[in-house]
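Worksheet for the structure shown next.
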Amino acid sequence: MRIVMAAILALLLPGPAVAQAPRPERPHWSLELKGGAFFPDSGNWSRLYGSSFTGEFGGALSYKLERRIEVGIEGSYLRASGKGEQPGHQQQGRLLPPAGEVRYQQAPLNLFVLARGIFNEDQWLVPYAAAGVTRIFYRTEVKGQEKTSGSVNGYHARGGMQFLLDSLESDASNNLYLDFGIHNTYLVLEGRYTRAMADTNSGGSVNIGGISWLAGILLEF
């Protein structure tokens, strides 16, 4: 976390001019921190939680097999609070009164392969796409009732753009390399789709994944 904060401050604050440091080796790792909005695929989410989306925050660490291909792990966390409904949901065409306050938490864990469209180190706009397997851990708490938790398997796909920030403050970028070994810093804009089916009390199933729109910072080192 200290490295991430130092990277952000170094890019925002001017620093003394220094000679360009030679960088004979390519970066081998990527660290990404991001956050944004998660739009669940569940049809009754808005009725239960009063909004069509909730906040999501997470990060990813990946190893570069070569300059354009990476493998890694990604984790995120989201939560929402609202009003739960009694079992059965409807009675003679009317919704039953709320059963109590409900709190929902979800922590997806992704293993992925990522491809980047990078062809030179000064490329300021880099498109990328990734896909892989997902394990979603979830927990539901209804006030005055039993807590439920579990996990389900699924898959995800994501893609977006990485905007190189080094040229905005070349001296700061050079200092990051000299002090922390950070080769490049990117602003990331991303869209992600997740599908993971969970059983319901009625005997059916529902996708507890959905669509995420995220922004963040990526460091290559």
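The values are calculated or read from the model by the stated rules, or taken from the named source; none is laboratory data. This structure is a prediction, so every number in the text was calculated from the model and none was measured. Every residue, glycine as well, gets a Cβ built from its backbone with ideal geometry; the counts of neighbours run over all protein chains shown.
Brief remarks follow.
- Any hit, the range 191-207, residues being farther than 27 Å from S46 by Cα and in contact (Cβ under 8 Å) with a residue 60 or more places away in the chain: no
- Residue within the range 167-187 that is in a loop (DSSP other than H, G, I, E, B) and surrounded by fewer than 17 Cβ atoms within 10 Å (Cβ to Cβ) present: yes
- Subset of the range 29-69 [surrounded by fewer than 19 Cβ atoms within 10 Å (Cβ to Cβ), hydroxyl-bearing (S, T, Y) and within 19 Å of F221 (Cβ to Cβ)]: Y63
- Among the conditions (1) within 27 Å of L48 (Cα to Cα); (2) surrounded by fewer than 16 Cβ atoms within 10 Å (Cβ to Cβ); (3) modelled with pLDDT of 95 or more, the only one that L125 does not satisfy is (1).
- Total residues in the range 99-134 satisfying the condition of being more than 24 Å from S167 (Cβ to Cβ) and charged (D, E, K, R): the figure is 2.
- Restricting attention to the range 43-56, the residues being more than 10 Å from S212 (Cα to Cα) and among the hydrophobic types (A, V, I, L, M, F, W, C) number 2.
- Near pairs, Cβ below 6 angstrom, 6+ apart or cross-chain, from the range 120-149 (in contact (Cβ under 8 Å) with a residue 40 or more places away in the chain and assigned to a loop (DSSP other than H, G, I, E, B)) to any residue that is among the aliphatic types (A, V, I, L, M) and surrounded by 12 or more Cβ atoms within 10 Å (Cβ to Cβ): W124/L164
- In the range 132-155, the residue that is farthest from the chain's Cα centre (by Cα) out of those that are crowded, with 17+ Cβ neighbours inside 10 Å and among the small types (G, A, S) is G154.
- Filtered residues of the range 195-213 (kept if surrounded by 22 or more Cβ atoms within 10 Å (Cβ to Cβ) and within 11 Å of the chain's Cα centre (by Cα)): S212
- Considering residues of the range 46-86 that are outside any strand (DSSP E or B) and more than 25 Å from L189 (Cα to Cα) only, the residue modelled with the lowest pLDDT: Q86
- Filtering L214, L187, L168 for residues that are farther than 20 Å from L78 by Cα and modelled with pLDDT of 95 or more leaves a single hit, L187.
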